[in-house]
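Enquirer: Let me give you the structure first, and then I'll get to my questions.
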Amino acid sequence: MEQMLSAFQCDLSSISSEIRTLQEQSVAMNLRLKNRRAVREQLGQLLDELVVPAAMISTILEAPVTEPEFLEQLQELNGKINSVKEQAFRETVACADVQHVLEKLKIKAVTKIREFVLQKIYSFRKPMTNYQIPQNALLKYRFFYQFLLGNERTVAQELREQYVDTMSKIYLSYFKSYTSRLMKIQYEEVAEKDDLMGVEDTAKKGFFSKPSLKNRNTVFTLGNRGSVIGAAELEGPIIVPHAAQKSDVRYPFESLFRSQHYALLDNSCREYLFLCDFFMVTGPSAQDLFNAVMGKTLTMFLKHMEAYVCDCYDSIAIFLCIHIVLRFKAIMAKRNIPAVDKYWDTLLDILWPRFKHILELNIQSIQSTDPQKLGFLDTRPHYVWERAVEESKEVEGFQQLLSARTQEFIEEILSPPFGGMIAFVKEAEALLEKGQLERLRGEEARVTQLARGFSSTWKAAVESLSQDVMRSFSNFKNGTGIIQGALTQLIQYYHRFHKVLAQPPLRSLPARAELINIPHLMVELKKHKPNF
């Protein structure tokens, strides 16, 4: 029995030892399995990155670049090339097996992309081509340039230079031709050096000089020219020169300037966005590339403007061109496109001094002129008050000046028919303030004459006054405002005349019975207000 139990105990010890051994083997097997899985995952990823599928080879070699499959496989190829570069840096031996295949595929892809992009660029050069169509087509394949930039920079540089060379010539040719054709439909009658405010029309000019403008108003009158900076026309369609010539339509310079520069603004915005998008440039790099494309055109524009402005005496045209530039500059700022900012500033540097010079010439002509030689002078106020509709410090200042001069004018036109009554009212009110009313006792005869004179003549005087004002002011709105102000001022003076006659020294005068009732006078005066 003892021997049997000893044998059983020995067997149990060996089983325990076997269990421990099995546990150790199990842990080791699990570790080996985990390591194998980790290695398989890394090797699988590495193999996926290194293995070149047959589909990629056939697509890159045979498919047209415009097919979606080519773009997909090109992106895959780009990923594999980058992965192989990374693994080669880590000295992975397997890279050597696929590098030559990837190099051949890269060369083939670069060749096909180069031919495609060059073909698109050359298509811009065909006459009557709408280059926006091939531009939009290129944007669909912007990854092509990204691939070239990462894998074959010399080809990317070649395509960029070809694009810049082609488009700079196209823009220059288009805008040079457009500018030339625009200038052929300008008004034939333009202001010259002798068309100044203080130069008489009969002034002698050179033998070969043109006769003076038939109507000097064409030089100094705004008319409808201001509409060029209105919302409807500022961003309206550009002028088509051949259509205008066919219809025998002519334009002032500022309209031609607006059309020319709106075309520039539109093309510049589109070109700048294309360059940033396709060639992947931003900031100063984008500005430099834009200047390379549009620089010749902008230089041509500036030379044209300098040549025109140096011999221009149309102050209205120059001033409207300045406003057009300021508005176009604001439009591009709103679109967040700084491409033409320097050009706008240079243009203003050309326009402002010329405008100042023309104004100085007009001032000098007025200072040195002999009014007797000017013939008929139109002394009516200019209707430009009517045009001042914008809220600004300048407009407010002019309105204050207008109000002050209007009040002075009202006093002047009331003086001939009603000056006696107005003078008496002011004298009597001054005595009233000093408490010297007793001095009015000697004025009974004067007061009686004034009261009776007003009652008998005021209607004819008001009618004559209204006609004079309407003849003197071409602006009906301004004229009616003056008449209304004069009638209101007359009622106030007559009311003050009533109050003076109600004072003790004059209260008992029989002439008070002949005074016109104020409400009745107001009703009668309303009949004389113009109905405009």
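The values are calculated or read from the model by the stated rules, or taken from the named source; none is laboratory data. These numbers come from a predicted model, not from an experiment. Cβ coordinates were reconstructed from backbone atoms using ideal geometry, including for glycine residues, and neighbour counts include every protein chain displayed. Note: accessible area is taken over every heavy atom of the protein model, side chains too, but ligands, DNA and RNA are not part of it. Shrake-Rupley method; radii C 1.70, N 1.55, O 1.52, S 1.80 Å.
Enquirer: Residues in region 117-136 that are part of a helix (DSSP H, G or I) and open to solvent by 20 Å² or more (accessible area, probe 1.4 Å): how many?
Expert: The number of residues fulfilling the criteria is 7.
Enquirer: Test of understanding: among LYS434, LYS459, LYS499, LYS477, which residue is under 16 Å from LEU525 (Cβ atoms), at pLDDT below 95 and surrounded by fewer than 19 Cβ atoms within 10 Å (Cβ to Cβ)?
Expert: When all the criteria are applied, what remains is LYS459.
Enquirer: All but one of (1) at pLDDT 80 or above; (2) part of a helix (DSSP H, G or I); (3) open to solvent by less than 40 Å² (accessible area, probe 1.4 Å) hold for VAL65; which doesn't?
Expert: (2)
Enquirer: Checking the structure you have, find out if any residue of region 278-297 is in contact with a Phe, Trp or Tyr (Cβ under 8 Å, 6 or more places away or on another chain), more than 21 Å from ASP345 (Cβ to Cβ) and open to solvent by less than 20 Å² (accessible area, probe 1.4 Å).
Expert: Yes: one or more hits.
Enquirer: Would you point out the residue of region 137-165, among those that are in contact (Cβ under 8 Å) with a residue 40 or more places away in the chain and charged (D, E, K, R), that is most open to solvent (accessible area, probe 1.4 Å)?
Expert: ARG142
Enquirer: What pairs can you find where one residue is in region 53-72 and without any contact (Cβ under 8 Å) to a residue 12 or more places away in the chain, the other is of a type in the set (D, E, K, R) and assigned to a helix (DSSP H, G or I), and their Cβ atoms are less than 7 Å apart, with a gap of 6+ or different chains?
Expert: These pairs meet every condition: ALA63/GLU69.
Enquirer: So THR299 ticks every box in (1) in contact (Cβ under 8 Å) with a residue 60 or more places away in the chain; (2) in a helix (DSSP H, G or I); (3) of a type in the set (Ser, Thr, Tyr) but one. Which box is left unticked?
Expert: Only one criterion is unmet by THR299, namely (1).
Enquirer: Determine which single condition CYS321 fails, assuming it passes every other condition in (1) over 13 Å from the mean Cα position of the chain (by Cα); (2) under 19 Å from GLU192 (Cβ atoms); (3) touching a residue at least 60 places away in the same chain (Cβ under 8 Å); (4) assigned to a helix (DSSP H, G or I).
Expert: (1)
Enquirer: Select the helices (runs of 4 or more DSSP H) contained entirely in region 439-532, then report the ones holding at least 2 residues which are polar (S, T, N, Q).
Expert: 444-472, 476-501
Enquirer: Can you pull out every residue in region 166-185 that is over 22 Å from SER268 (Cα atoms) and open to solvent by 80 Å² or more (accessible area, probe 1.4 Å)?
Expert: LYS184
Enquirer: Of all residues being farther than 18 Å from GLN260 by Cα and among the charged types (D, E, K, R) in region 324-357, which is most open to solvent (accessible area, probe 1.4 Å)? Just the residue, please.
Expert: LYS334
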